[in-house]
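Only one structure is covered here, and it is reproduced in the block below.
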């Protein structure tokens with residue numbers, strides 16, 4: 001052992017210059033920490049210093065290999081404190097003493113120390129301690145060799161957890177970089193469905209005021225139901241307007257996918273409001289009119305207001321239909337499929353409310369005409385019941401479609417098959433399994449699949465970019481297992497990096513062809 005170390009420290013000047021060219025910063029760190037200790041400043045010893053342990057150990061292993069001295073792993077970490085023979089004169093720097101034996105700067109203050117020449121020409125001498133003194137101090141601090149080994153094992157596990165944490169952070173940053181930068185939330189109240197909703201709010205608000213005046217003038221049950229209907233429509237469309245405004249906000253750390261689902265939430269609340277207020281009160285008022293009929297009055301002004309309401313509601317209905325047709329054409333879906341899947345929930349609600357309003361006006365007008373003809377309040381009360389039933393049916397459909405969208409439903413099977421076939425046509429992919437395509441709402445899709453990569457094609461792609469003659473020469477010059485291991489580790493890591501690059505390439509190509517895919521998660525099988 002002494003001879004080996006003497007050979008190590010008596011290497012040629014050329015060898016030392018090679019070490020300096022490699023940037024062996026270990027003595028510099030020891031000198032820096034010793035200067036801090038001499039000033040009473042405790043260097044920060046935390047989980048981040050553990051990375052230095054690993055780097056320093058690798059540096060000393062490289063030094064030993066260049067000197068022709070194979071170093072075992074326990075020599076780098078001094079795991080055996082009892083092997084003191086031949087190590088009486090060995091020195092250790094403060095940073096290694098703290099890292100390898102988990103000591104504090106205060107533990108080193110009373111130990112013998114000396115000054116040794118720095119390996120760097122421009123640096124002053126470094127402070128070192130006798131290794132045997134540091135070992136004895138470690139046993140004094142930790143109590144036993146077993147306690148020190150347990151602490152070393154604990155720090156090693158912390159290092160692994162830290163490395164896993166760094167890997168997770170890098171993966172998150174990588175996913176963020178892969179997110180399409182040209183994606184932006186849907187337009188606010190001044191665009192698209194927002195204009196449709198604001199138009200409906202204005203028209204339904206006017207209809208409510210006119211119907212309220214007509215009901216106060218005539219006392220008609222059907223007119224009361226229509227008055228409630230317009231009031232419910234106005235309130236619900238104000239809720240829709242809030243949902244559209246909220247959904248247009250940009251994403252943030254608390255909501256990384258934005259607020260696009262607020263359209264579905266607002267539409268769901270709107271559906272519940274239609275069912276409880278519009279349908280409930282209309283049915284209740286109709287039943288009350290049947291069991292407690294009131295004398296009917298003149299419906300002249302009521303018919304006039306219903307006619308105007310029919311025209312205005314029809315105009316709003318046409319605006320909603322045109323908006324949905326444009327959306328269905330853009331999504332390459334039929335009109336009714338687009339409505340059924342609730343691709344634009346806000347306009348859907350306007351469409352269904354206006355459709356119910358047109359039907360309600362026609363039902364109310366017909367029942368009021370029959371009541372006038374028969375001079376009986378019963379047909380008028382029945383008209384209120386029918387309007388309530390229409391509102392209940394519309395509200396039920398709105399609640400069902402928006403609940404399904406919020407829970408998370410699969411995209412159409414044809415879309416999944418199209419994406420799968422594109423992946424399987426890629427040279428690097430053998431098969432695709434466990435596919436899940438989730439509709440996130442507002443035209444956004446989350447796609448996940450287990451992918452079986454072709455290892456041979458991946459390796460061939462890597463080798464095509466390498467100088468095979470140089471690799472063959474490197475293999476021929478190998479003298480021991482350590483050099484073979486270093487060679488395999490280098491190229492193995494490069495192949496893993498290439499695998500990540502291939503996954504990025506496939507995901508980017510998929511997003512480019514399918515812009516609706518907001519999040520793509522390809523997992524290795």
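The values are calculated or read from the model by the stated rules, or taken from the named source; none is laboratory data. Treat the numbers as computed from the prediction; the structure is a model and nothing was measured. Note: ideal-geometry Cβ built from the backbone for every residue, glycine included; neighbour counts use all protein chains shown.
Within region 446-465, how many residues turn out to be in contact with a helix residue (DSSP H, G or I) (Cβ under 8 Å, 6 or more places away or on another chain) and farther than 14 Å from residue 506 by Cβ?
So the count comes out to 2.
Answer with yes or no whether residue 290 is touching a residue at least 60 places away in the same chain (Cβ under 8 Å), assigned to a helix (DSSP H, G or I) and more than 24 Å from residue 233 (Cα to Cα).
yes
Give 285, 221 a once-over and let me know the one that is in the same structural domain as residue 207 (by TED's automatic domain parsing), crowded, with 24+ Cβ neighbours inside 10 Å, touching a residue at least 40 places away in the same chain (Cβ under 8 Å) and closer than 22 Å to residue 369 by Cβ.
Going through 285, 221 in turn, the sole match is 221.
Can you name the residue in region 405-419 that is within 22 Å of the chain's Cα centre (by Cα) and in a helix (DSSP H, G or I) and, of all such residues, is modelled with the lowest pLDDT?
405
Just the residues that are over 14 Å from residue 523 (Cβ atoms) and either surrounded by 14 or more Cβ atoms within 10 Å (Cβ to Cβ) or touching a residue at least 60 places away in the same chain (Cβ under 8 Å) (or both), please, taken from region 431-455.
If the condition is that a residue be over 14 Å from residue 523 (Cβ atoms) and either surrounded by 14 or more Cβ atoms within 10 Å (Cβ to Cβ) or touching a residue at least 60 places away in the same chain (Cβ under 8 Å) (or both), then 437, 438, 439, 440, 441, 442, 443, 444, 445, 454 are the ones that fit.
When you scan region 397-427, how many residues do you find that are closer than 27 Å to residue 459 by Cβ and touching a helix residue (DSSP H, G or I) at 6+ places or on another chain (Cβ under 9 Å)?
5
Restricting to region 229-272, count the residues that are buried (at least 18 other Cβ atoms within 10 Å of the Cβ), touching a residue at least 40 places away in the same chain (Cβ under 8 Å) and assigned to a helix (DSSP H, G or I).
Matching residues across region 229-272 total 21.
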